[in-house]
Amino acid sequence: MSGRFALLVGVALAMPSLAQAQSIPQIDWSAVRVSGYAQADWVVFRQSSQDEVNPSTREPLNEDRFVIPSARIRANVDHGLVTGMVEIDANTLRGGQVRPIDAEVSLRWPARAPVAGEAYFQATLGLFRTPFGFDTQEVAQRRPFLGRSLFSDALFPGAYDLGLALRGGYRFFNYSLGILNGDPIGERAFPGRDPNQSKDLVFRIGVESNRASPFRVEAGFSGLTGAGLHVGTPPTKDVFVWRDVNEDGTWIRRRFRSSGARRPRRRSAFRGSRWARICV
């Protein structure tokens, strides 16, 4: 009798643990790839550096220092038709900062890209590199220089923007089309945001030689069109001012000045286009 009771108790204890084990989904860690890098600089001498602070922003003007321009860790997930990426950036350019710099989800076809190529069609949603030019889309680990060109930094500060992108390729031909907010994460005014409802349209069409070859030639044509923002002004009331020029304390009519009310000026949008041909 005691043996049967022990057996029943053992089965009853084992069954809940078995059910819990079956309900927990198994993670395929082979589909996850983690990478990263760190860049540390020592600026020994810079002519524009001063032992002073900016009177407007109170930011230090000294640039002769140790600095970490970028330290990133990235995780890629590949589940065939669906892929994802999350990248975190940390730097000390303006104090210690930690921010997401790449967060995207993609749907592609075919599920596995051809050898030494890319998917024929891929739709990406989230925060990703702006599909313009060559070095704007270049991965930092593969870039031969530490920074991007001044041309790319001027048009797209920070390189990453929020939006929807369609890209793909076939053999030597590749294309990229993006609908973006138009304010990359490196902008000073509205980083990573969009002050107007208009979206920017960015595209790139290119050709390249065989990717499997150690020597590769690539050429492309990129374009951008979108709308900017002129900030409006708030309304004001009538103002009545009296100025005693000779300081005699006498009320004279000609010394009074009236300033009329100003109507509010609504914000206005201006459209602009930028076109560039980049060959590498």
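Quick notes
- For the stretch 35-49, filtered to residues that are over 22 Å from Ala75 (Cα atoms) and not aromatic (Phe, Trp, Tyr), the residue that is nearest to the chain's Cα centre (by Cα) is Asp41.
- Scanning the stretch 123-145 for residues that are in a strand (DSSP E or B) and hydrophobic (A, V, I, L, M, F, W, C) yields Ala123, Leu125, Leu127, Phe128.
- Meets criteria (over 21 Å from Ser106 (Cα atoms) and more than 18 Å from the chain's Cα centre (by Cα)) for Ala219: yes
- Meets criteria (at negative phi and either small (Gly, Ala, Ser) or modelled with pLDDT under 85 (or both)) for Pro16: yes
- The single residue among Ser152, Ser198, Ser213 that is assigned to a loop (DSSP other than H, G, I, E, B), hydroxyl-bearing (Ser, Thr, Tyr) and in contact with a Gly (Cβ under 8 Å, 6 or more places away or on another chain) turns out to be Ser198.
- Considering the stretch 166-192, the residues that are hydrophobic (A, V, I, L, M, F, W, C) and more than 10 Å from the chain's Cα centre (by Cα) include one that is farthest from Ser106 (Cα to Cα), namely Ala189.
The values are calculated or read from the model by the stated rules, or taken from the named source; none is laboratory data. Small disclaimer: the values here were computed from a predicted structure and weren't measured. Cβ: placed from backbone, ideal geometry, glycine included. Neighbour counts: every protein chain shown.
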